[in-house]
Amino acid sequence: MSTKTKAPQGAVRPFGWMDKAGYAMGDMGCGFSFQLVSTFMQLFYLQYIGLSPNDYAIIILISKAFDAVNDIVIGNLVDTKRIGKKSKYMPWILLGAVTLIIFNVMIFAPVKDFPYAGKYAWCLISYCMWSIAYTMVNVPYGSLHSVITDDPQQRVSLSTFRSIGAALPAIIIMIILPGIVYDKVVNPTTGIEEQVLKGETLLPVAVVMSIVALVVLWGTTVLVKERVQRDATENTTGIKAMLSSVKSFFTNRAMVGATIASVAAVALFNSTMALNNMVFQYYFKDTDKVGMAMIGSYAPMIFVMIFLGKLTKKFGKKSVLGVAMLVGAISGVVSIFAPITPDSTGMWIYIVCLMGLNIGNAVFQISVWAIVADCIEVSYRKTGKSEEGSLYALYSFFRKLAQGIGQAVVSWGLVAIGFVEGENAVQPESFGEDVMKLYFIVLAAGSLIAFLSMQFIYNISKKDENEMANISAERQKSMQEAAQYASDLLS
């Protein structure tokens, strides 16, 4: 079964900067919601609203179980139900973006004075509804990657720009927000000046970021063009179609390998940012410097963006990723024993350690979307079924499950080192150092698991990538010849 690349209504402009910029805007829009929730929701409910870490961990796990159904259903709907005439994906992105505003704001509502059961219910319900809205945006957006172009190297460039789009809201949230949402106050219990989360400030922040997210997601629908049109899939509705997609997913070895690596990266990297905040809050006692750590963390990503395309073209994504993730794992082990003191010198050593840890994560986060698009292409070639939305939804489900696992690991890790919830709570004397070591341990574990999965399970080689590139080049040449022939006839 072949992939057909054609223009549904006349000629479509060649792949270029508009597609890259528009695709970057998509993850920027998702990021303004996702980064805010993943970075501050846990702190908001533990430090301001007053939920216990154990109860919060249970909420996250329940909501991620709910996502098991949510992601698969929405992925199937995206594949089978067109809610717009011109595009399979864009109307879903806009509908989800509007819905996301409501529930993004709902999460950070100041329900501090609710009864404990009410706080618990509010957190659970609002997070579950947010998950539905986010899936309605993220699944069609992620599925776009495989239909914008079928060239593996062009997919790497899309993946790079997607990472740029994701990095911008993360940097803004980590550099600007600490100065807004934290305050230095004297703890009435200890008489010591401490950094305290101003939970009430997160509601207006959520409103502003939700509006910005809507605007940039609209930009994606304007700038991005879909070029790859695949043959219609038979039996694409109902339980049978869902089971077919599940089978396609789990019989695709490359997809399984990429998914396991993603689960490790998301659970033990992306979903543990709250620990970094706590390191500055309780160990260095200076949350104003959180932005410095964020810049240090993203420094390897800037380097990777410059050279990744050339490296993957020469060595293949699998080899480049394997080396990078191994470097990250080794750096993590070294960081655990690094002489980091609670002063400015120790802070710089800490930032350098994060840079070493993030080398592998940077390579993975930039190239993962191109890898997933390649996996979807492999599935189509194997089964002949156009299941982009369903396959990406299953992949997205495991990423979301990883977010829940990561936050649960953080919550249980905090319990293990003696965290005390609530405002003005007094933490154990060794808490700051313990939370820093906990952070290094989970980051190192994430790198190691991702390395093992990409090295021994993922099986799309450089040779396979070259074959896909050659086929794509032949298709593009045929399209150009057909367009030229049609032009000659008209003239």
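Readers should treat all values here as calculations from the given coordinates under stated rules, not as data from a laboratory. Note that the coordinates shown come from a computational prediction; the quantities given were computed from them, not determined experimentally. Ideal geometry is used to build each Cβ from the backbone, glycine not excepted, and the neighbour counts take in all protein chains shown.
Note: relative contact order over the chain, using C-alpha pairs below 8 Å and six or more positions apart, is 29 percent.
Measuring from centroid to centroid over Cα atoms, what is the spacing of region 136-172 and region 24-88 in Å? What the calculation gives is 18 Å, centre to centre. If each Cα of region 258-370 is one equal point scatterer, what is log10 of I(q)/I(0) from the Debye formula at q = 0.18, 0.20, 0.24 Å⁻¹? With no solvent term, the Cα-only Debye profile gives -0.92, -1.08, -1.39. To test your reading of the geometry: what angle, between 0 and 90 degrees and rounded to tens, separates the Cα axis of helix 344-383 from the longest principal axis of the chain? That works out to roughly 30 degrees.
Given the -39500 (n - 2.57) contribution per DSSP H run of 4+ residues, what per-residue ellipticity at 222 nm results for the chain, rounded to the nearest 500 deg cm²/dmol? Don't skip to the end; give the middle numbers.
Numbers: 16 runs with 362 residues, N = 491.
The helix-only estimate for the chain comes to -26000 deg cm²/dmol at 222 nm.
Note on the chain: dipole from Cβ charges, positive end direction compared against 332, 29, 248; the farthest Cα belongs to 248. Applying 1/(1 + (r/R0)^6) with R0 = 60 Å to the Cβ-Cβ distance of residue 349 and residue 247 gives a FRET efficiency near 0.75.
Pairs from the table (64/385; 20/198; 20/184) lying more than 31 angstrom apart at Cα are 20/198; 20/184.
Taking a ≥ b ≥ c as the square roots of the eigenvalues of the Cα gyration tensor of region 283-429, is the shape rounded (a/c under 1.5), prolate (a/b larger than b/c) or oblate? Intermediate values should be presented prior to the final figure.
Details: a/c = 2.89, a/b = 1.58, b/c = 1.83.
Cα axes put region 283-429 in the oblate bin.
Net charge in the neighbourhood of residue 71 (other residues with Cβ under 15 Å of its Cβ; Lys, Arg +1, Asp, Glu -1) is -1. Summing charges over all other residues whose Cβ lies under 13 Å from the Cβ of residue 307, with Lys and Arg as +1 and Asp and Glu as -1, gives +3. Distance between the modelled labels on residue 337 and residue 86, one decimal in nanometres: 6.1 nm (7 Å Cα→Cβ projection).
Taken one residue at a time, the phi angles of region 123-128 give Karplus couplings (6.51, -1.76, 1.60, θ = phi - 60°) of 4, 5, 5, 5, 6, 5 Hz. Gly and Pro are set to x.
Mean separation of Cα pairs under 8 Å and 6+ residues apart, divided by the residue count of region 86-222: what relative contact order is that in percent? Don't skip to the answer; put the middle values down first.
Working: 106 pairs, mean separation 49.2, N = 137.
Over region 86-222, the number comes to 36 percent.
On a 0 to 90 degree scale, rounded to 10, what angle separates helix 152-175 from the longest Cα axis of the chain? Once rounded, one gets 20 degrees.
So how do 404-417, 339-352 stack up, highest first, on mean other-Cβ count within 10 Å? Don't skip to the answer; put the middle values down first.
Details: 404-417: 20.8, 339-352: 15.4.
Top to bottom by mean Cβ count within 10 Å: 404-417, 339-352.
The peptide list 356-364, 89-97, 111-119, put in order of mean Cβ contacts within 10 Å with the highest first, becomes 356-364, 89-97, 111-119.
Compute the acute angle (0 to 90°) between the alpha-carbon long axis of helix 90-107 and the principal axis of greatest extent of the alpha-carbon atoms of the chain; round to the nearest 10°. With rounding to tens, the tilt is 10 degrees.
Just to confirm a number: summing +1 for Lys and Arg and -1 for Asp and Glu over residues other than residue 450 whose beta-carbon lies under 14 angstrom from that of residue 450, what do you get?
Numbers: positive: 317, 318, 399; negative: none.
Local net charge: +3.
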